[in-house]
1. Out of the total accessible area of segment 55-103 (probe 1.4 Å, heavy atoms of protein only), what percent is carbon and sulfur?
2. Roughly speaking, to the nearest percent, how much of segment 133-268's 1.4 Å accessible area is carbon and sulfur?
3. Taking 7 Å along the Cα-to-C-beta vector as the label spot, tell me the GLU66-SER238 distance in nanometres, rounded to one decimal.
4. Counting DSSP beta bridges with both partners in the chain, what percentage is antiparallel, nearest 5?
5. So, for segment 188-273, what is the accessible surface per residue at a probe of 1.4 Å, expressed in square angstrom?
6. Using Cα centres only, tell me the gap between segment 68-97 and segment 204-247 in whole Å.
7. May I ask for the angle, rounded to the nearest 10°, between helix 175-189 and the longest principal axis of the chain, with both axes built from Cα atoms and the value confined to 0 to 90°?
8. Going highest first, how would you order 238-245, 171-178 by mean Cβ packing within 10 Å?
Amino acid sequence: MALSRELDPGASPLAFFGAELRRQRVAAGLSQDELGRVIMFSGALVGRIEMAERMPSRDFADRCDEALNAGGFFGRFRELVKREAFPSWFGPFVEYEEKASKIHSWDQRFVPGLLQTEDYARAVVLAGRPREAREVLDRDVAARMERQAILARRSPPLLWCVIDEAVLRRPVGGAETMREQLKRLVEAAESQSIVLQVLPFSVTDHPGADGPLTILEFDSGPPVAYAEGWRSGRLAESAAEVADAVIVFDLIRAAALSRGGSLDLVHAMEDWP
């Protein structure tokens, strides 16, 4: 993959991580493809991380440390990259999300971040922050893509998503981006560990109008709820608040189409005009 853009290592911790990875890879006499084969990731991914276009996973960082004899640098520095990649109000949620065994998500605006394609995520981020620097947008999209790694685990969390029908009909990023996003939703809906439901336009009154809601459950420890607004988010950890959030989600889920009916609707939209 040809990359013409020069990376400024001082632009962000993610950019510094990428620049240092490139420096140590070149010093070891390895191409991107060669390093990729050693660490069992694609050379294209190595290139994108070097250009600060993707967040390094924990596994990626650890394998780079071993392959490049970096003494744990990449693993340690990744923690700083991760903290910097998310706003202060969202970081605690991501920590919980990584540990959750069940994730229940409602959104009436966009496809949930865990199911977004990269082009769709970039369009969402750019629409909300049109004046943001390219490096910051790249960092935030990369961070969103890295969150999806939890779905690729050997034992992934159960992800139960309910989205409004408007999400399927709004062409975020344009027709081609939306077609690819709908294909991704079809793939997700056919997974054993993902349940996708659509709340149809025919449902006129429901408690989800207040905004996005996520409930996280854990194998050990009480559940938490998370509500999001404009550049803000709030974690609810008290038993009473979480119980109220569960009722709201259950009412939304009960009003939505069945799993099969939801998949049929997504299929019907797949060839987006």
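1. 51
2. 53
3. The answer from the label model is 4.7 nm.
4. 55
5. Per-residue value: 55 Å².
6. 24
7. The angle comes out at about 80 degrees.
8. Ranked by mean Cβ neighbours within 10 Å, highest first: 171-178, 238-245.
The values are calculated or read from the model by the stated rules, or taken from the named source; none is laboratory data. Here the structure is a predicted model, which means the values were calculated and not measured. Cβ atoms come from the backbone with ideal geometry, glycine included; neighbour counts cover every protein chain shown. Side chains are part of the model used for accessible areas, which takes the heavy atoms of the whole protein and leaves out ligands, DNA and RNA. Shrake-Rupley method; radii C 1.70, N 1.55, O 1.52, S 1.80 Å.
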